[in-house]
Amino acid sequence: MRSPVSLSLALAVAVAPLAAQASDSSARAVLTLMPMPASVRVDAGRLLLSPFFRVAVPRYRDARLLRAVDRALSHLAGRTGLVLSHDIARDSLLGTLVVDVRAAGQTVQSVDENESYTLDVTGGRVVLRAPTVVGALRGLETFQQLVSGDSDAFGVPFVHIADQPRFRWRGLLIDVSRHFEPVEVIERNLDAMAAVKLNVLHWHLSDDQGFRVESRRFPKLGRGSDGESYTRGQVKEVIAYARDRGIRVVPEFDMPGHAISWFVGYPAYASAPGPYTLPTDYHFTAAAFDPTRASVYHFIDGFVAEMSALFPDRYWHVGGDEVDARIWTSNPAIRRFMRHHKMADAGALQAYFDQRLSRILAAHHKRMIGWDEVLHPDLPRSVLVQSWRGYESLGEGAREGYSGILSAGLYLDAMSSAAQLYMVDPLPAGNDLDSAQVARILGGEACMWGELVTPETIDSRIWPRTAAIAERLWSPREVVDIDDMYRRLAAVSVELEDVGVQHLSGPAALWRRIAGTDQIAPLRALAGVVEPVSLGQRMRLRRPTTVTPLIAPGDIVTPDARDGRALSALLDTLFRDPGAARGAAVRDTLAAMFARWRSIAPALAAMTTHAPLLIDADSAAVALAAASAVGEEALSYLSDGRTAAPAWTTDRLAQLDSAAAPRGLLRLAIVPPLRRLVLAAGGTAAASGQ
Ligand code: ACM
């Protein structure tokens with residue numbers, strides 16, 4: 001049946017032809033989708049969005065799906081300025097976007113949830129089809145990423161997309177122990193996770209430095225929280241918020257090590273008498289549960305009974321990492337127990353503990369997941385292993401029959417670039433696993449450890465880099481073009497801020513605060529050239545504690561410094577064809593870049609006279625000016641067609657080496673490409689990518 005409203009469809013879906021029939025790959029090059037779908041065909045034409053845009057949900061509909069449609073409409077209105085109807089039709093003829101879903105999906109989402117969908121944009125309308133609501137949630141995100149503007153209007157290209165994830169477990173760990181992260185921080189990160197189709201929040205809820213969930217059964221656990229923990233109501237709220245977005249919440253309560261916060265209120269369960277106080281430093285964990293005492297398992301059983309009712313997910317993360325054997329072997333009673341049970345070492349004692357733990361969890365219908373230290377032949381094959389110490393343990397576990405997920409190489413606090421994170425693949429090409437072993441690799445997780453992040457800085461440490469990881473875990477293995485990843489990441493980054501995370505606005509606000517002014521252009525310019533030092537350097541250079549304010553310039557800048565990559569790209573162009581007219585244009589661009597970089601130092605020197613926290617930035621700017629001068633000299637050799645003397649090359653490389661040393665917690669991101677330029681001026685290795 002046609003209703004009068006369908007007349008307006010003609011207006012809603014006016015078609016704008018593409019200038020030319022694009023080939024598939026060049027047509028894909030206009031898309032800013034991330035993660036890239038499993039299959040995309042782009043056709044000529046574009047469906048324009050208008051105020052008559054309307055969503056129809058004709059078949060299966062539930063509150064979760066309708067809320068997701070509602071969010072998508074609000075988001076689109078906020079981006080396009082269109083007044084969009086939130087009146088969701090049942091008649092598909094009334095819909096510009098028809099969301100055709102067959103069923104709800106699982107009551108408690110599992111790794112087996114069907115997340116697939118298809119999305120067809122034609123001249124008539126957009127049709128999103130999915131077997132489950134979760135698939136529809138994924139498709140709605142893709143639809144929103146397809147929207148782009150031209151000078152007149154917003155529209156969506158004609159596409160046919162058939163999509164499903166490569167891996168079933170695509171997670172983000174957030175450690176809320178070292179620094180507490182309030183519910184709103186978790187929720188805005190869940191929104192960002194949903195935007196890039198991640199499906200597991202691994203909530204690291206306890207560690208030495210803090211125990212972060214209210215327990216009614218064991219109220220003294222609250223003494224290990226420093227006054228900052230989630231109420232049961234807040235936990236339920238976060239789980240419901242995540243479920244609304246097709247995200248599972250897997251709690252981690254780390255044991256037997258990383259457990260001091262438990263012992264502040266309950267010292268009797270530790271392997272040394274205590275008393276215990278919450279540490280503020282990040283030294284290697286110095287306490288562990290005593291695996292030899294029945295009372296410990298009784299306590300854990302009671303705790304799991306309480307918490308398993310709160311956390312519906314099938315999986316429960318027990319931690320299991322980094323137990324210092326001496327904690328146990330220095331205790332005579334524990335040594336006697338080990339001798340009595342013929343345990344060769346602390347590893348055997350931990351396996352005993354983990355076995356008992358897995359039985360407790362099974363009694364409460366939970367499956368155990370642990371860090372790769374839990375790998376031991378005595379453990380049941382139902383245990384899922386999270387590999388953090390290296391890729392090898394993932395393969396080793398899979399060969400021995402354990403399912404696993406990868407986190408080695410995916411630690412966000414290591415400050416690797418998006419490109420480095422992007423290339424970390426749970427199943428790289430050429431792996432030597434057979435098909436049964438391959439099936440055991442469920443996916444991976446990015447890990448945001450909490451030592452160096454606060455609610456003010458955590459978003460800029462997670463995003464946008466985690467979107468690149470999300471693509472690795474969702475998209476086909478063959479999607480590996482790094483330049484194209486960065487092109488799309490730039491668009492997705494803006495979208496993520498729009499979704500709610502503050503990875504762009506947060507750093508700007510911190511610069512204004514520590515500079516004491518809103519005139520922060522020199523700091524923004526510097527942030528395009530410098531990056532945070534690596535995690536190892538950070539811990540050596542200025543060892544932080546839980547109470548160190550994380551507001552140094554090194555806490556504000558992010559990996560993937562914009563100008564570092566821009567300089568590399570310019571040099572690639574220059575060295576490809578140095579003689580061409582293009583080469584001259586590139587040399588002009590480089591000269592302007594170096595001049596701009598040199599101008600940062602005097603501006604920052606002036607700012608630093610009344611902003612002492614800028615001292616690292618000031619000193620990095622001085623190093624940048626010196627490095628820029630080297631770049632200018634090298635460029636003049638190339639422009640004049642002269643070759644620099646070997647002594648010049650040696651000297652200038654040494655100057656660049658000293659410019660590369662950390663300035664406070666900052667390092668220059670442009671030294672490696674500048675070395676290329678100096679080597680080229682000296683007549684060697686010009687085209688090398690290093
Ligand atoms: C870990 O980084 N200790 C899991």
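The order of the peptides 548-557, 106-115 by mean Cβ neighbours within 10 Å, most packed first, is 548-557, 106-115.
Could you compute the net charge surrounding ALA346? Neighbours are other residues with a C-beta less than 15 Å from the C-beta of ALA346; K and R count +1, D and E count -1. My count for the surroundings of ALA346 gives -3. Span-like helix check, the chain: qualifying full DSSP H segments, with Cα axial length of 30 Å or more and mean Kyte-Doolittle of -1.0 or more, are 581-608, 615-640.
FRET efficiency for the ARG59 to SER382 pair, using the beta carbon distance and R₀ = 35 Å, is estimated at 0.45. Once both labels are positioned 7 Å from their Cα atoms along Cα-to-Cβ, the gap between ALA591 and SER85 label points is 6.1 nm. Under 16 Å from a label point set 7 Å out along the Cα-to-Cβ vector of MET539, the amide N atoms of the range 419-447 belong to 447. Between the range 230-304 and the range 142-218, how far is it from one alpha carbon centroid to the other, in angstrom? If you average the Cα positions of each part, the centres end up 24 Å apart. Applying 1/(1 + (r/R0)^6) with r as the Cβ-Cβ distance of ALA104 and ARG642 and R0 = 51 angstrom yields a FRET efficiency of 0.10. Run the simple label-point estimate for ARG216 and ALA509 please: 7 Å along Cα→C-beta, distance reported in nm. Label at ARG216, label at ALA509, 3.5 nm between them.
By how many nm would the segment from ASP150 to VAL183 lengthen if fully extended, with 0.36 nm per residue of separation less the alpha-carbon distance? Intermediate results must be reported in sequence, preceding the final value.
On the way: separation 33, 0.36 × 33 = 11.88 nm, distance 3.77 nm.
That works out to 8.1 nm of additional length.
With +1 assigned to the C-beta of every Lys and Arg and -1 to the C-beta of every Asp and Glu, and no other charges, what is the dipole magnitude of the chain about the Cα centre in debye, to the nearest 20? Before the final figure, lay out each step's value.
Details: 73 positive and 76 negative charges, 169 e Å.
Dipole size: approximately 820 debye.
Please work out whether the chain counts as rounded, prolate or oblate from its C-alpha gyration tensor, where a ≥ b ≥ c are the square roots of the eigenvalues and a/c under 1.5 means rounded, while otherwise a/b larger than b/c means prolate and anything else oblate? It is oblate, given that a/c is not under 1.5 and a/b is not larger than b/c.
Here the extension length gained between ARG41 and ARG477 equals 155.2 nm, from 0.36 nm per residue of separation less the Cα-Cα distance.
For the chain, which whole-number percentage of the solvent-accessible area (1.4 Å probe, protein heavy atoms only) is attributable to carbon and sulfur atoms?
Values: 14720 of 26480 Å².
Its accessible area is 56 percent carbon and sulfur atoms.
Near ILE441: Cβ cut-off under 14 Å, other residues only, Lys/Arg at +1 and Asp/Glu at -1. The net charge is -1. For the pair GLU237 and ASP345, label points projected 7 Å from Cα toward Cβ lie 4.7 nm apart. Calculated FRET efficiency, ALA414 to HIS610, Cβ-Cβ distance, R0 = 51 Å: about 0.90 to the nearest 0.05.
Averaging the Cα positions of each part gives two centres, and for the range 615-690 and the range 87-123 these lie 54 Å apart.
How many Å² of accessible area per residue for the chain, probe 1.4 Å? Spell out each step's value before the answer.
Details: 26480 Å² over 690 residues.
With the other protein chains kept in place, the chain gives 38 Å² per residue.
Within the range 253-284, what residues put their amide N at less than 15 Å from the label point 7 Å along the Cα-to-Cβ vector of ARG356? Zone members listed by number: 255-257, 268-272.
The values are calculated or read from the model by the stated rules, or taken from the named source; none is laboratory data. Fair warning: this is a prediction, and the values are worked out from it, not measured in the lab. As a convention, Cβ positions derive from the backbone with ideal geometry for all residues, glycine included, and neighbour counts pool all protein chains shown. Ligands, DNA and RNA are excluded from the accessible area calculation, which covers all protein heavy atoms including side chains. Shrake-Rupley method; radii C 1.70, N 1.55, O 1.52, S 1.80 Å.
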